[in-house]
1. Could you tell me which of rounded, prolate or oblate describes chain B, using a ≥ b ≥ c as the square roots of the eigenvalues of the alpha-carbon gyration tensor, with rounded for a/c under 1.5 and, failing that, prolate when a/b is larger than b/c and oblate otherwise?
2. Taking the range A:174-251, which trypsin sites (Lys or Arg not before Pro) meet the DSSP loop condition and have no more than 13 other C-beta atoms within 10 Å?
3. Against the longest alpha carbon principal axis of chain A, how many degrees, from 0 to 90 and to the nearest 10, is the axis of helix A:15-29 turned?
4. From other protein chains only, count the Cβ atoms within 10 Å of every residue's Cβ in B:244-254, then give the mean.
5. Which order do A:V435, B:V433, A:V75 fall in if you start with the one that has the fewest other Cβ atoms within 10 Å?
6. Would you check the range B:242-475 for Lys pairs whose C-alpha atoms are within less than 30 Å, ignoring same-chain pairs closer than 8 in sequence, and give me the count?
7. Let me spell out the model: positive unit charges on the Cβ of Lys and Arg, negative unit charges on the Cβ of Asp and Glu, origin at the Cα centre of the range B:8-238. What dipole size does that give, in debye rounded to 20?
8. In terms of the Cα gyration tensor, with a ≥ b ≥ c the square roots of its eigenvalues, is the protein assembly as shown rounded because a/c is under 1.5, prolate because a/b exceeds b/c, or oblate?
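Rule-based calculations on the coordinates, nothing more; no lab input. Predicted, not measured: the structure shown is a model, and the values here were computed from it. Cβ sites come from the backbone with ideal geometry, for glycine too, and all protein chains shown count toward neighbours.
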Amino acid sequence: MGANIITARPSALHASDLAGQLQSLAKELGVSRWDLGAACSTDTSVQVDRGEAKQLKGAQRSSITVRAWNSDGLVGITSTSDLSPAGLARALAGASEASTYGNPDDSPGFSPLATAPLAQLEQPISEPRGILELLDTLKQAEADLLGRHPAISTVPYNGLAQRSSQRIYLNSEGACREQQLSTASLYLYARAEEDGRKPRSSGAVRLAYGAEQLDVAGCIEEAAERTIQHLDYAPIATGRYTCVFSPEAFLDLVGAFSGLFNARAVLDGVSLSQRDSLGSQLAVPFLSIHDNGLHPGNIGATSFDGEGTPVARLPLVEGGILRHFLHSEATARAFGVPPTGHAGLGAKVSVGPHWFEIGPAGSTGELAGAANLDRFSQDGIVWIDSLSALHAGVKASQGSFSLPFDGWLIQGGEARSIEAATVAGDIRAVLKGLVGFEGQAKVTPDGICPLVWVDELSITGDA
Amino acid sequence: MLATPTTSLTGDSLDQRWRDRLETVLAAGAAAGASLVEVFIESTDHIGLLAEQERITNVSPAFGRGVGLRVFLGDKDGFVSTNDLSEAGLLQALDQALGMLGLTRANFGAHGFAGLAALRDHGASKENWLRNCPGLDESTARLLEATALLNRHGDHLQARRGSYARDWQEVLVAASDGTFARDIRLHQSVGINALAADGDHRASLGRRYGSSGRPDDLRQWDAEASAIDLCSSARSMLYADYVEAGNYPVVLANRFGGVIFHEACGHLLETTQVERGTTPFADKVGDTIAHEAVTAVDEGLSDGAFGSLSMDDEGMEPQRTVLIENGVLQRFISDRAGELRTGHARTGSGRRQSHNFAAASRMRNTFIAAGPHTPEQLIGSVDRGLYCKSMGGGSVGPTGQFNFAVEEGYLIEDGQLTKPVKGATLIGEAKEVMPRISMCANDLELAAGFCGSVSGSIFVTVGQPHIKVDTITVGGR
């Protein structure tokens, strides 16, 4: 036996067997209405440190979440990693017991779309590579990155990982969803330091359906370029600046405030939007935001959500107007609309976005924003490359943010890295303060977006 | 067929009955040439509850079992986790981990494994913990009481939430150096949150309390005092102006103010950072890295504290580790791999979220020790600055740059607290800020929190007395 044993596929879950077991257990417990989400995966990953293996990891994981409805129509839930018959029985009994505490005001049901046709996703299943092959690839990538500039001394955060996974949704009315997937990821985060100056760091990430499809060279190139671009830095004076967000940074910002589009948050009273916000002007008239989990750029897309509802493209903002919310079955019922394929699986079902498409509402005039924007053509532009600490610096229910960022100040057509700074503002003002877009939209792991110009944001620096 | 883990040999409890199975695995690993083989088995039982307004809106039980198996060859290691606890499952995991290091389980030939030591059973006195915790009726009633108290004491509250989590974990650690130890852990946390809104004014605030090893904790929780405290803060912050950006002297309140030390310095004193070359303090033991007013400690011993342990996740009993004494760096927080790779002796700090993670050097209860001053003296020493009563989360980057959000802040003008301000973020670098902590008050208190890092999210305590930082960059509007 050698290292290639790691390439073994996950122990397969068989939906029909699982359905049969649950049906039988449910009958024993007197549970007539149930559903289940199951997942299993096999992961392998490697990390390196200056030419040596740092950590090699393998994991086989399995989990199920069972929901059971009682005779009052209340739902309970239990999750477990124990997929043995005893584990399933305990999970179903636990869910049944928990249903006593179900919320009569907001009880989820089966999605009316849990048996609707699913979109066909182009997701090639790749054979996993041996872990020592992954290790060699990552060692070479690290060496290449270290060789790009004498100041790049280490790549302290790095990893090459691959996953084979399977997920299932079943319910007692015969819904049966199943999806298999293989994915791989590479991240390289370099640290560079020059004599007498502070260390700087930056990096890049790539996703693909298999390790052999990863754009390793592109990841090295981007990580090197971004790190080197931050070596020559200077402090920035505190003040208000026109900011140009990179696609990644703007997608992060919109994602952090996705409660604006979240029907669950609206119903809970913690969203900036309200029930009657649909149809209102949320942003400048040239902004369009869609959630499109099915976009080919969304590596690892799922064709159905936690309740079995098909994933589909959904317009959230068109022409600056708020058009739709993201829904689970329960929130959709409360709003009198169909579920949108954005649900988790729970007693209180969470709702969340998949993958954003952000850009101009049209190609000309009022639908496109300011034309021919070029960040290098104006002085005093702050170009925000990446935002940090969104978990700490975003107040989603207040709309405010104050976030550290990596970026550049543009003067005389030249971009110089900013030493350390935060950008602060209010998302509603940002969306209504967009100047326009620059360049072509870029596909990122979180969505697709061009460079986004925003007027008058507060920057705090050290100068 | 389902993947069906088989554990029938051992029954439900993780205990002495696992010895033979574990010795088989460890002997096989040692015979294959591994320097060390370590097995971490866990059984977990979790419940999460949420109350919103006058309703229980979520009851989420979860349970599970799993094993993490780690093989060392010199200072290199391979790690495999699985939910399959059968002997075949453990041996398959062993084969995979050995394979990562170029080793194979060829035979049961000569090896240096002398068998497991007598079981050190830290869990024996804790068998009743789970059943002594409040049941669902009692727990849900406490949360509804809390949201009702928020309603009673608050103004303009648009959303009120109470949450409770109970995490029970039984662990068994066995290693080819003879380590054989068992423990039972119980962590409970309860939180309250409120969103106050009045026209365009909004303020969202929260409080969280946590303990370890105290089954009675939810019963003992003073929900009314917590609600009054939160509502008072919400009232202050609802109409607060945004803070003006700039560099100010800052006084950080005690308890969760300790997140500044945790993020800015504590992470940089973990041996994982030494291994990566991402700490500026790697070669600074014996050097002055902070103001002489600063003594900082990491320990796992405080009774009932969220980060306390009877043993770490590598079977070692925790210690009280003085990290910085009067400004001078004393030692690092270290685990087994950290000791192998950096030479810093283990401190009982090998921790992980679950069997899915290899243990790493992680903080436990980490705090700045009390000083000689009163909080009023600290505030009185500032002409114009910021008082941070309550902190949000924070993080530290790979170059030591940290940031954290101020949830509740007040201006200090002429030595007095004046207007509430919101939207502040404190940013800086550990190396630069530590020498600027010039005064420590005499009111040390700890606060429970969660720390996410290389080995997952773990229970920790942060803490400090009121401290004064002479100047720090405050991000704002």
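1. Numbers: a/c = 2.49, a/b = 1.48, b/c = 1.68.
In terms of gyration-tensor shape, oblate.
2. Values: sites: A:R177, A:R191, A:R197, A:R200, A:R206, A:R226, A:R240; in loops: A:R197.
Counting only loop positions with at most 13 other Cβ atoms within 10 Å, the trypsin sites (Lys or Arg not before Pro) in the range A:174-251 are A:R197.
3. Roughly 50 degrees between the two axes.
4. Numbers: counts 3, 10, 2, 3, 0, 0, 0, 0, 0, 0, 0.
Taking the mean over all residues of the peptide, I get 2.
5. Details: A:V435 18, B:V433 25, A:V75 28.
Lowest to highest Cβ neighbour count: A:V435, B:V433, A:V75.
6. Within the range B:242-475, the lysine pair count is 10.
7. Details: 24 positive and 31 negative charges, 35 e Å.
Here the range B:8-238 has a charge dipole of around 160 debye.
8. Details: a/c = 1.25, a/b = 1.12, b/c = 1.11.
Verdict is rounded for the protein assembly as shown.
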